[in-house]
Amino acid sequence: MDPVLLKWLEKLMPPEYRKVEKEACDEKEAYFARESKESLILAMVDKITRRDFLPEIRSFGGADWLRSLEKHDSCIVDFRDVVVNGVLCRYYITKDQTKEKVCYFLNLYVCKGRKMVRLFVSGVGRGDSYQRRSIHEGEYRKIVADVFGTASENTGYDCIYRMPREGLCYSLGEDPFYDDLYPEHPLTQLRLLVKSVVCKVGKVGAKEAA
């Protein structure tokens, strides 16, 4: 990793993340890690020279860039633009799911003028983290129907019915509302990391990583 980028990232990372350095292919690699019983979070940074991540200017076969990331085993969980002191921070969180495990990936782009840096973070669930995904669409619909009646009995039911998106739609338990109930879940930790980094970016500045 570029030593300038590494120093910049060190200033941004929360104190509970530890720096890990190791040799790989005759080069030193460095990343930051946070471990708990329910999650393993790994973060690294690199420079971006192409702006392919901008969905406004990128499409595949007529489909917008973000939608192209939604496949049978992955989906978009979060996507947002935040501007802090003239610095654009654009991020998205995706989820990849297999029978064995669920992984979340955060891509945070920090843009100052023509300078762009990407923070890439992976979050893997451990232990009881699976409990967060126990709130399913079918269960939600049943509970709503029990309380408010069916669509034919109460038209208000249609207003709160959530149609799933294409691909593997995130479960209702992954809504940000539930973050406080699952503080060590990898998705919660990725969202907390975004907030922490973005708040510091305005002070540290993207120019330091140029």
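Listing for the model above:
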item: Wholly within region 122-206, helices (runs of 4 or more DSSP H) carrying at least 2 residues that are of a type outside the set (S, T, N, Q) and modelled with pLDDT of 70 or more; result: 137-148, 186-204
item: Single residue of GLU16, GLU35 found to be modelled with pLDDT of 85 or more, touching a strand residue (DSSP E or B) at 6+ places or on another chain (Cβ under 6 Å) and open to solvent by 90 Å² or more (accessible area, probe 1.4 Å); result: GLU16
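The values are calculated or read from the model by the stated rules, or taken from the named source; none is laboratory data. Since we're looking at a predicted model, the values are computed, not measured. With ideal geometry, Cβ positions are generated from the backbone for all residues, glycine too; neighbour counts draw on all protein chains shown. We work out accessible area using only protein heavy atoms, side chains counted, and drop any ligands, DNA or RNA first. Shrake-Rupley method; radii C 1.70, N 1.55, O 1.52, S 1.80 Å.
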